[in-house]
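Below: the structure, in structure tokens.
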Amino acid sequence: MADVREAAKLLEKAQRVVVFTGAGISAESGVPTFRDALTGLWERFDAQSLATPQAFQDDPDLVWGWYEWRRHRVSTVHPNPGHLAVAAMKNAVVITQNVDDLHERAGSADTVHLHGSLFMPRCSQCGEAAALPSTTGEPDEGRRVWPPSCVRCAGLIRPGVVWFGEALPEAALEAAARAASDCDVLLTVGTSGMVYPAAEIPRLAARSGAAVIQVNPQPTPLDSVALVNLRGSAAQVLPDLAARAWPDQAAEGPAAEPS
Ligand code: BV8
Ligand code: ZN
């Protein structure tokens, strides 16, 4: 209990807050984390081997099918109290490794996506942005789906995510580094802190004098970077933490998912 009170004090006093999230914040919405074993068609693969340019080149319909299945899944679930609590943190800069749109649907309109999004497909050849195919009728268990073709060069359309071995979007990485080095408090939620350069963000904040607060039911390599470790789930810890740090905001009640 002392920890959540200490964390709330740090947030209450803070001028500039950054919230840095990973797959764990979407787990309670029903979005599998990267650690969760893959199911169905993909059970014999691990996420890291599928999320690569090589995998797409070798097996475009397997990889495109996987991302269409994930996009369909995300479109059938909703932000949880963790996302809503973050959206209620008025001046917080939200930086995520997640490719889902649950932060935006909870009200965090300017979320910085370090690893792209499931909702911004583009041509793998000329980079032209592509339309999102409809996901209606997508079977829950997922299947191989041949990627659409680019209207400009007929190249294969790929998901707008950052694959292993690919550079992060420069603007997003710069915005994240700037916010982390300027903040008073960085709240890291639901990430194992193992994927770089994203995992550098909480470390950069700590090196720049900020207080790092970690929310995660499990220990991670960020335990030693954090001033306060809150061992619990995002949907349970964040609403309580926000209510303690900003009681007046809590009185207004969390934002409902914008219609
Ligand atoms: C690059 C998009 C070079 C796709 C993703 C330095 C050291 C070592 C390795 C490297 C290094 N620098 C670069 C590398 C290589 C590599 C890397 O980091 N490898 C790791 C595995 C060692 N990095 C790269 O390849 C990066 N690119 O380096 O390019 C370059 C540079 C210039 C020019 C050209 C090239 C690109 C990395 C991005 C890859 N794309 N995602 C997709 O989603 O399909 S990464 C993906 O995996 C996610 O975005 C996320 O980043 C990561 C998963 O981590 P988490 O989100 O933390 O999720 P995880 O499942 O691991 O953990 C969940 C946590 O939540 C757990 O701790 C759990 O306890 C907790 N939890 C569970 N339930 C809850 C909860 N917490 C709270 N509440 C709950 N309810
Ligand atoms: Zn093209």
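Throughout, read-outs are computed from the coordinates displayed, never taken from laboratory work. Note that the structure is predicted; figures quoted are calculated from it, not measured. Because the Cβ atoms are built from the backbone with ideal geometry, glycine has one as well, and the counts that use them run over all protein chains shown.
Brief remarks on what is shown
- Here the calculated FRET efficiency for Thr52 and Asp3, from their Cβ-Cβ distance with R0 = 25 Å, stands at 0.05, rounded to the nearest 0.05.
- Segment Lys90-Gln236, length gained on full extension (0.36 nm per residue, minus Cα span): 50.6 nm
- Ranked Thr220, Thr33, criterion: other C-beta atoms within 10 Å, fewest first: Thr33, Thr220
- Beta bridge orientation in the chain: antiparallel %, DSSP, nearest 5: 20
- Computed per residue of the chain from DSSP H runs no shorter than four, each worth -39500 (n - 2.57), the mean residue ellipticity at 222 nm is -10000 deg cm²/dmol.
- A crude spin-label estimate for the pair Arg244 and Gln218, with each label 7 Å from Cα along the Cβ direction, gives 2.5 nm.
- For a label point 7 Å along the Cα-to-beta-carbon line of Arg152, residues of the stretch 89-128 with backbone N under 19 Å: 117, 119-128
- Taking a point 7 Å from the Cα of Arg35 along the Cα-to-Cβ direction, the residues of the stretch 182-215 with backbone N closer than 14 Å to it are 189-195, 215.
- Distance in nm between pseudo-label sites at Arg178 and Ser208 (7 Å out along the Cβ direction from Cα): 1.0
- Across the options Ile157, Val31, Ala14, the greatest Cα extent toward the positive end of the charge dipole of the chain (unit charges at beta carbon of Lys, Arg, Asp, Glu) belongs to Ala14.
- For Gln236, net neighbour charge (Lys/Arg +1, Asp/Glu -1) across residues whose Cβ lies under 15 Å away: -1
- In the chain, Cα pairs under 8 Å separated by at least six residues give a relative contact order of 26 percent.
- The label-point distance for Asp61 and Cys126, in a model that sets each label 7 Å from Cα toward Cβ, rounds to 2.5 nm.
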